[in-house]
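Student: The structure is given below, and queries will be raised subsequently.
The values are calculated or read from the model by the stated rules, or taken from the named source; none is laboratory data. Since the model is a prediction, treat every value here as computed from it, not as a measurement. Heads up, the Cβs are rebuilt from the backbone with ideal geometry, glycines too, and the neighbour counts pull from every protein chain shown.
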Amino acid sequence: MEFYGQITNITTLTPTVKSFEISLETNEFAFLPGQWVDFYIEDDQAAPLIGGFTMVSSPTTLGSIELAIKVERGGSPAVYLHNEANIGDRFKIIGPGGDFVLHNDGAKSVCFIAGGIGINPFMSMLNYIDAKNLNLSVTLLYSAKTPSELVFYERLITLSQRNRSLDFVPTITTHSGEAWDGRVGRIDASLLEQTELKEQTEYYLCGPPGMPTEIAGILKQQGIDQDKIFFEEW
């Protein structure tokens, strides 16, 4: 589906990630939690810059979406949006796309495992679960290099306080000198073994290249069936 949207708010979430709230010029756009859209940036270019970004908002919010975009090096769409985009700017959007979505298969327990900006699809899923008040037990294991790079940390704390069925386990991988009294270390076999999950739990993994594949391998070694593991790399 092709449509247009206008930036209504820009918020700095971390030193490298900004949130963009987009008002859509249609109420007919529908997506599944975890999907993405293509953003077309036409700025005196011979051809538009095209960036694929995952929604972090719930599909239940009609007429608007929220994107969390991490800045990258080079002339990428993310760099343009971070440095040049302003409230009121209008863009062409095409979507949705992607099959890394929350499955409606009757599961009662899920474990989301995220690294860095890989938290994005899970924010959409968590917002959807919260909005629909689904009877679903959720464990979120989320790692970032430093505390300041834990995107949506405060929102996730609020969600976990409001929903007893959400167990939020953040961890950082680098001693940066920032104040932090939580877990330090990667999401590894030890942490996965310590996580008390139900037998029929489904696992969703999203993170930087290599991380989801590595964790999927650990889960298989721990006896988790392949058909219970879903993952995406970015």
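Student: Any residue at all in the stretch 60-73 that's touching a Lys or Arg at 6+ places or on another chain (Cβ under 7 Å) and either not in a loop (DSSP other than H, G, I, E, B) or not polar (S, T, N, Q) (or both)?
Tutor: Yes, there is a match, as at least one residue in the stretch 60-73 is touching a Lys or Arg at 6+ places or on another chain (Cβ under 7 Å) and either not in a loop (DSSP other than H, G, I, E, B) or not polar (S, T, N, Q) (or both).
Student: Still on this structure, I have one more. Kindly establish whether A47 is outside any strand (DSSP E or B), at pLDDT below 95 and in contact with a strand residue (DSSP E or B) (Cβ under 7 Å, 6 or more places away or on another chain).
Tutor: When the stated conditions are applied, A47 does not pass them.
Student: Same structure, new question: Which residues, counting only those in the stretch 32-56, are of a type in the set (G, A, S) and in contact with a Pro (Cβ under 9 Å, 6 or more places away or on another chain)?
Tutor: Selection gives G34, G51, G52.
Student: Within the stretch 19-44, work out how many residues are within 14 Å of S76 (Cβ to Cβ) and either part of a loop (DSSP other than H, G, I, E, B) or over 19 Å from the mean Cα position of the chain (by Cα) (or both).
Tutor: Going through the stretch 19-44 one residue at a time, the tally reaches 3.
Student: Determine which member of the set L141, L102, L67, L126 is within 26 Å of R186 (Cβ to Cβ), in contact (Cβ under 8 Å) with a residue 40 or more places away in the chain and not assigned by TED's automatic domain parsing to the domain that holds Y204.
Tutor: L102
Student: Another question, then. Taking F122, is it within 16 Å of the chain's Cα centre (by Cα), surrounded by 13 or more Cβ atoms within 10 Å (Cβ to Cβ), outside any helix (DSSP H, G or I) and modelled with pLDDT of 95 or more?
Tutor: It is false that F122 is within 16 Å of the chain's Cα centre (by Cα), surrounded by 13 or more Cβ atoms within 10 Å (Cβ to Cβ), outside any helix (DSSP H, G or I) and modelled with pLDDT of 95 or more.
Student: Sort out for me the helices (runs of 4 or more DSSP H) sitting completely within the stretch 152-234 that have 2 or more residues that are of a type in the set (V, I, T) and closer than 20 Å to F100 by Cβ.
Tutor: So the answer is 211-221.
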